[in-house]
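Each value in this text was obtained by applying a stated rule to the coordinates, not by laboratory testing. As the structure is a prediction and not an experimental result, all values here were calculated from the model. Heads up, the Cβs are rebuilt from the backbone with ideal geometry, glycines too, and the neighbour counts pull from every protein chain shown.
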Amino acid sequence: MPPVRLTVLGLGNMGHAVAGRLLAAGHELTVWNRSPGRAADLPGVTEAGSPAEAAAGADAVLVSLADDAAVRAVLLPEGRPLAAAAVVNLTTSSLDLTRELAAAYAGRFVAAPILGAPAAVAGGSATYLLGGPDEVVDRLEAVWRALSSARLRCGPDPAAAMVAKLVSNALLLAGLEVVAEAVATAQAAGLDEGLVRQLFTSSALVAPGLANRLDDVLEGDHTHGWFAMPLGAKDLDLFVAVAREAGTDVPVVTAARDGYRRAIEGGLAAADVAGVVELARRRVRSSSTDPA
């Protein structure tokens, strides 16, 4: 397929990895980041001074930002859409914002949230959940081919892709809290550290997505991860909102969401989500010293 003109808005860990994949595939690439200079190691890209400048003339604009507020500010400046042939939102966003963007960019908007870490994105093994009009998704085949062979088409409604992403993150984040509590309890009960490691790393009960964080849960300092605690809490907030809209009660995930909030309040805001184990360890220590 011939190269296409692409724009990436947001060069955080995910956006930077996406830009690298597109560049390696030979596409013409323009980027924008709120803090300039993040494209220094992306030779050949054009770094624009504003989202509107970056989007001008692009065949597709891909957006990778932190949250709804950032995405809305970039894609709907002063309430108006950018001039772009197609817009792809890679950011994990609310259903309300997804519907708002789909209406503003009628017939040219795709939600494509990512399952996988930045390393998986850079290596081309992440899964992209694609939701949007078939014609637009098909037209962007060169983009998907550059990014990964792992894709799941979720239908013409972009909101369906976001539901799929939020369900997946709920499994990861709530499961991580369970693993963290189990590890903290095993350690507090005096199991040999080698046995604890062997038990959890060999267990078929620990899903692969959770196993990827086991080293950090077992003995890490939680400073080298990519999924910050506030983003975990945000994603579970969005899942709870989806459940509420669907008329479903989700007490387990709600409790997990509250756990990440407590971790943030307890000084772990800068930690990777695996740092939630420290909250479990604090609870174990507190209960063991309680004179009652």
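Among the candidates 230, 208, the residue that is within 16 Å of residue 177 (Cα to Cα), without any contact (Cβ under 8 Å) to a residue 40 or more places away in the chain and either loosely packed, with under 12 Cβ neighbours inside 10 Å or among the small types (Gly, Ala, Ser) (or both) is uniquely 208. Might you check whether a residue that is farther than 16 Å from residue 173 by Cα and either in contact (Cβ under 8 Å) with a residue 40 or more places away in the chain or within 16 Å of the chain's Cα centre (by Cα) (or both) occurs anywhere in region 249-270? The answer is yes; a qualifying residue exists.
From the list 84, 103, which residue is over 20 Å from the mean Cα position of the chain (by Cα), in contact (Cβ under 8 Å) with a residue 60 or more places away in the chain and farther than 26 Å from residue 213 by Cβ? Steps first, please.
Working: 103 fails: in contact (Cβ under 8 Å) with a residue 60 or more places away in the chain.
Testing whether each residue is over 20 Å from the mean Cα position of the chain (by Cα), in contact (Cβ under 8 Å) with a residue 60 or more places away in the chain and farther than 26 Å from residue 213 by Cβ leaves just 84.
Every residue in region 25-42 that is outside any strand (DSSP E or B) and surrounded by 17 or more Cβ atoms within 10 Å (Cβ to Cβ), please. Residues satisfying the conditions are 25, 27, 33, 38, 39, 42. Looking only at residues of region 43-81 that are in a loop (DSSP other than H, G, I, E, B) and on the phi > 0 side of the Ramachandran plot, we find that the one that is surrounded by the most Cβ atoms within 10 Å (Cβ to Cβ) is 57.
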